[in-house]
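For reference, the structure is listed below as structure tokens.
Every read-out reported here was derived from the displayed coordinates using simple, explicitly stated rules and does not represent laboratory data. Treat the numbers as computed from the prediction; the structure is a model and nothing was measured. Cβ coordinates were reconstructed from backbone atoms using ideal geometry, including for glycine residues, and neighbour counts include every protein chain displayed.
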Protein chains: 2
Amino acid sequence: MQQNHVTMKDIANRLGVSSVTVSKALGDKEGVSDELKQKIKEIAQEMGYRFNTAAKAMKEGLSYNIGVVIAERYASVTQSFYLQFYQYLSTALEDVQYSGILHMLSEEDEGQLVLPRIYHDRKVDGFIILGQLSNTYISAIHETGIPLVFLDFYTDRTELDYVITDNFYGMYEMTNYLIANGHRDIAFVGSLHATSSIQDRFLGYYKSLLEHRIPLRQEYILNDRDESGKLLDVAIPEALPTAFACNCDQVAYLLMNTLRKQGVRVPEDCSVVGFDNDIYATLAEPALTTVEVDRQEMAKTAVNKMVRKISDPALNSGRVLVRGKMIYRESVRSMK
Amino acid sequence: MQQNHVTMKDIANRLGVSSVTVSKALGDKEGVSDELKQKIKEIAQEMGYRFNTAAKAMKEGLSYNIGVVIAERYASVTQSFYLQFYQYLSTALEDVQYSGILHMLSEEDEGQLVLPRIYHDRKVDGFIILGQLSNTYISAIHETGIPLVFLDFYTDRTELDYVITDNFYGMYEMTNYLIANGHRDIAFVGSLHATSSIQDRFLGYYKSLLEHRIPLRQEYILNDRDESGKLLDVAIPEALPTAFACNCDQVAYLLMNTLRKQGVRVPEDCSVVGFDNDIYATLAEPALTTVEVDRQEMAKTAVNKMVRKISDPALNSGRVLVRGKMIYRESVRSMK
DNA sequence: CTGAAAGCGCTTACAG
DNA sequence: CTGAAAGCGCTTACAG
């Protein structure tokens, strides 16, 4: 129960060497005999030495922290998706001797272009931005010159770095799977102008239809949210499709409730698939066939990008796609 | 887009004063004329000065960061409760010029008593521990002497500091409410030996029964989980109570599914209440009457405690209870 | 009201 | 292989 403040100097004194030698030994640098290195490490351990990152930080001008920014609206009760993402980021950052500092961005700060306090305090060497933010906010943070990596979101600005899941390919694969199961009347559920992810997923769906020479029908493109992003009841088409490809699990879950109320059984009467593999995928009955976003791989990729950007801020590695993974459950019926 | 590295010295040079004066001005300390202070602040702003926390940290031996530890098992897909909690903590910390660093503790690290890397790096001045951890881990982290505040969890060790929701009072109030609505056959759903929260909630329930001279019936105490914490199907008693007081919303939600399968309607045939006001409270149909844990108030209280402990580590303010808030919805029927 | 000096605990050249 | 010196950017105590 003692709050120790052992320094390298203390270790050096104890062993009758200089603190330079201790620094080299603990940092595994050249120029200390292996024997002495070993001895120093043992003593450090024994004395309960803890490295003082602040000192290193000041010397090198780096904090060894990365800010992870998530808009508050993505961290609501129903959306632990991004918070789980943070977990992977945190682990990936530790692997490269960094720590993550999570910053929830409020609507207010986003609107008024208030940068995170950790920016002003120089507590971070860069920001990983998780999810979509307003263009003006992106510009504001980008103008500071601090290294930036965008995760799970991209824009048309090619000078920025992005790591995203391959939404296009994921929904393409999913639609192929539905078609392989004999479906041809497949609706896409998602408002095309709401988010860039929905658009890309839609395009993957469309690509699959094109490849299979199934015409795209306007009445099978169903809105799921209004312009503010608020989820709506999906209007079920008169002619019931045999499958609904939903842009996310939550919408698939809500759609299944609506279908149930209309007496439509899933998957007997029609199939429903989702995307994300979040809580709604398993809350749904039957559980949803969906595409899992490989957040772990995305997190690792983003952290790597960030570390490279910190050592070379001019670096621009562009948009990196990470492939998702099909999860097969019980919400699809084979029509064959 | 320039990565600036303006220091106090730069500002001082620009104005022909010393960096000491700049430090005093920016820190709003005594000994600089208001005029000069104002001028310095303007120039700092104009030059894009950012405070270097690392330098202050080294000087004072404080990092101005607090680690927030959450066991990974509490941050699963279905449990964003604690992650929301973190949000409040983060805001409360910013109010006192601190930043929060979220650390997800893996089962493995917990078992092997591996302390967070941010501890070894001296990146934090204290830890707020969110939720229950093993006793051995608590001992291990406590022995380091680093200031500790436990949030939403307590033990019998009086030398530690806790901030918890008033589980006892919340369930007491809830049971009173059921009784006021004419219920007398009220079951409690929760395994009494699983967690300390469940125990306290049970005792609040019991207290209410005692006050109303309703006998406690063993067959109305229903297990909801096994020893490992895994949720079980609740065994509905032969003689159906008129109300179920569940120890949490999730269990209430699951119970309602079970009841539905047995053809029991809520609230017509029996009432069900929960606790926590989490996602399950509104996912349930009808929505659950429940007790909302006042996480914001708890977060503020914990941060205050922490700040006081940092300046005086010997301080032991003990167990602080924060009152919850009844949320009335549609899952209770009046028997009158 | 203002500032020169010392020091926080490291690391990076450089000298031996 | 080992170490004395300088410096990172602040703040504190002291002198003027």
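Under 10 Å, Cα contacts only: if you run a Gaussian network model on chain B, which one of B:SER271, B:SER196, B:SER23 comes out with the highest mean-square fluctuation? Of B:SER271, B:SER196, B:SER23, the Gaussian network model singles out B:SER23 as fluctuating most. Which whole-percent values make up P(r) of chain A when all C-alpha to C-alpha distances are grouped in 20 Å steps starting at zero? In whole percents, the pair-distance histogram is 27, 44, 22, 8, 0.
With N the number of residues in segment B:1-139, Rg(Cα) / (2.2 N^0.38 Å) evaluates to 1.41.
Helix A:249-261 versus the longest principal axis of chain A: what angle, 0 to 90°, nearest 10, using Cα atoms? Once rounded, one gets 30 degrees. Only the Cβ atoms of Lys and Arg (+1) and of Asp and Glu (-1) were treated as charged; on that basis the dipole of segment B:167-293 about its Cα centre amounts to roughly 240 debye. Of B:GLU227, B:GLU297, B:GLU42, the residue with the greatest mean-square motion in the GNM of chain B, using alpha carbon springs below 10 Å, is B:GLU42. Counting Lys and Arg as +1 and Asp and Glu as -1, what is the net charge of the other residues whose Cβ lies under 14 Å from the Cβ of B:PRO313? Its environment carries a net charge of -2. Close amide-amide hydrogen proximity is noted between B:TYR162 and B:PHE150, B:GLY318, B:ARG319, B:VAL320, each under 5 Å apart and 5 or more residues distant or on a separate chain (H modeled in the peptide plane; Pro and chain starts excluded). Each label point was placed 7 Å from the Cα along the Cα-to-Cβ direction; for B:LYS59 and A:GLU238 their separation is 7.6 nm.
Applying 1/(1 + (r/R0)^6) with r as the Cβ-Cβ distance of B:ARG213 and B:SER139 and R0 = 60 angstrom yields a FRET efficiency of 0.85. Once the Cα atoms are used to define both axes, helix A:81-95 deviates from the longest principal axis of chain A by about 30 degrees.
Between B:GLN97 and A:GLU108, the modelled labels are 2.2 nm apart [label points 7 Å from Cα along Cα→Cβ]. Among A:ALA12, A:ALA235, A:ALA194, the largest mean-square fluctuation in a Gaussian network model of chain A, built with springs joining Cα atoms closer than 10 Å, belongs to A:ALA12. Between the alpha-carbon centres of segment A:185-219 and segment A:255-312 there is a gap of 17 Å. The 3J(HN,Hα) values that the Karplus relation (6.51, -1.76, 1.60; θ = phi - 60°) gives for segment A:126-134 are, in residue order, x, 10, 9, 9, 9, x, 5, 10, 5 Hz. Gly and Pro appear as x. Using only alpha carbons, segment B:167-293 has a radius of gyration to Kirkwood radius ratio (Rg to Rh) of 0.92.
A dipole drawn for the protein assembly as shown from +1 and -1 charges on Cβ atoms has a positive end, and of B:THR7, B:ILE221, B:VAL20 the residue lying farthest that way is B:VAL20.
Straight-distance candidates among the aspartates and glutamates for linking to B:LYS37, with alpha-carbon spacing under 12 Å and chain neighbours fewer than 8 residues away dropped: B:ASP28.
Which of A:PHE127, A:PHE51 comes first, and how do the rest follow, when ranked by fewest Cβ neighbours within 10 Å?
On the way: A:PHE127 25, A:PHE51 15.
By the 10 Å Cβ count, ascending: A:PHE51, A:PHE127.
When DSSP assigns beta bridges and you keep just the ones with both residues in chain B, what percent turn out antiparallel, to the nearest 5? The antiparallel fraction comes to roughly 10 percent. With the cut-off at 1.5 for a/c, could you classify segment A:58-166 from its C-alpha gyration tensor as rounded, prolate or oblate? The shape class here is rounded.
Would you mind computing the Rg to Rh ratio of segment B:8-51 from its alpha-carbon coordinates, Kirkwood style for Rh?
On the way: Rg = 8.9 Å, Rh = 9.9 Å.
With Rg and the Kirkwood Rh in hand, the quotient comes to 0.90.
Backbone N atoms of segment B:195-211 closer than 16 Å to the 7 Å Cα→Cβ label point of B:ARG184 belong to residues B:209-211.
Relative to the longest principal axis of the Cα atoms of chain A, helix A:295-311 runs at roughly 40 degrees. Here is the list for segment B:139-203: GluC sites (Glu not before Pro) lying in DSSP coil, each with at most 13 other C-beta atoms within 10 angstrom of its C-beta, are B:GLU159. Our summary gives segment A:8-51 a relative contact order of 34 percent, counting only alpha carbon pairs under 8 angstrom and 6 or more residues apart.
DSSP beta bridges fully contained in the protein assembly as shown are about 10 percent antiparallel.
Here's how it looks for A:ARG323: its modeled amide H is under 5 Å from those of A:ASP166, which are all 5 or more places away or on a different chain.
Could you grab the relative contact order for chain B? Cα pairs under 8 Å, six or more apart, rounded to a whole percent. It would help to have the intermediate numbers written out before the result.
Numbers: 570 pairs, mean separation 51.6, N = 336.
That works out to 15 percent.
How much mean residue ellipticity at 222 nm does chain B get from its helices, if each DSSP H run of length 4 or more adds -39500 (n - 2.57) and you divide by all residues, to the nearest 500 deg cm²/dmol? List each step's numbers first, then the result.
Values: 13 runs with 136 residues, N = 336.
Mean residue ellipticity, 222 nm, calculated: -12000 deg cm²/dmol.
Look at the Cα gyration tensor of the protein assembly as shown: its axes a ≥ b ≥ c give a/c of at least 1.5 with a/b at or below b/c, and that counts as oblate. Between A:LEU231 and A:HIS120, the modelled label-to-label distance comes to 3.7 nm, taking each label 7 Å out from Cα in the direction of the beta carbon. The mean count of C-beta atoms from other chains within 10 Å of the C-beta of residues in A:65-73, rounded to a whole number, is 1. Note that segment A:166-171 has calculated 3J(HN,Hα) couplings of 7, 4, 4, 5, x, 6 Hz, one per residue in order, obtained from phi through the Karplus relation 6.51 cos²θ - 1.76 cosθ + 1.60 (θ = phi - 60°); glycine and proline are x.
FRET efficiency for the B:ASP312 to A:SER18 pair, using the beta carbon distance and R₀ = 25 Å, is estimated at 0.10.
Return the average number of partner chain Cβ atoms within 10 angstrom of each residue Cβ along peptide B:136-148.
Counting Cβ atoms of other protein chains within 10 Å of each residue's Cβ and averaging gives 1.
Could you pull out the chymotrypsin sites (Phe, Trp or Tyr not before Pro) across segment A:247-336 that fall in loop regions by DSSP (anything but H, G, I, E, B) with no more than 14 other Cβ atoms inside 10 Å? All intermediate terms of the calculation are to be shown ahead of the outcome.
Details: sites: A:TYR253, A:PHE275, A:TYR280, A:TYR328; in loops: A:PHE275, A:TYR328.
Counting only loop positions with at most 14 other Cβ atoms within 10 Å, the chymotrypsin sites (Phe, Trp or Tyr not before Pro) in segment A:247-336 are A:TYR328.
Between A:SER191 and A:ASP224, A:ARG225, the built amide H atoms are under 5 Å apart, and every one of these is 5 or more places off in sequence or on another chain.
Which entries of A:LYS9/B:LYS24; B:LYS41/B:LYS309; A:LYS9/A:LYS29; A:LYS300/B:LYS56 have Cα-Cα distances beyond 20 Å here? If you can, show how the numbers build up before the last one.
Numbers: A:LYS9/B:LYS24 31 Å; B:LYS41/B:LYS309 32 Å; A:LYS9/A:LYS29 17 Å; A:LYS300/B:LYS56 32 Å.
Pairs exceeding the cut-off: A:LYS9/B:LYS24; B:LYS41/B:LYS309; A:LYS300/B:LYS56.
Over segment A:182-336, what relative contact order in percent results from Cα pairs under 8 Å that are six or more residues apart? Let's see the in-between values first.
Details: 241 pairs, mean separation 33.8, N = 155.
Worked out over segment A:182-336, it gives 22 percent.
Which order do peptides B:214-225, A:112-123, B:285-296, A:312-323 fall in by mean Cβ count within 10 Å, highest first? Display every interim value, and only then the final one.
Values: B:214-225: 15.0, A:112-123: 18.3, B:285-296: 21.2, A:312-323: 13.2.
The most tightly packed comes first, giving B:285-296, A:112-123, B:214-225, A:312-323.
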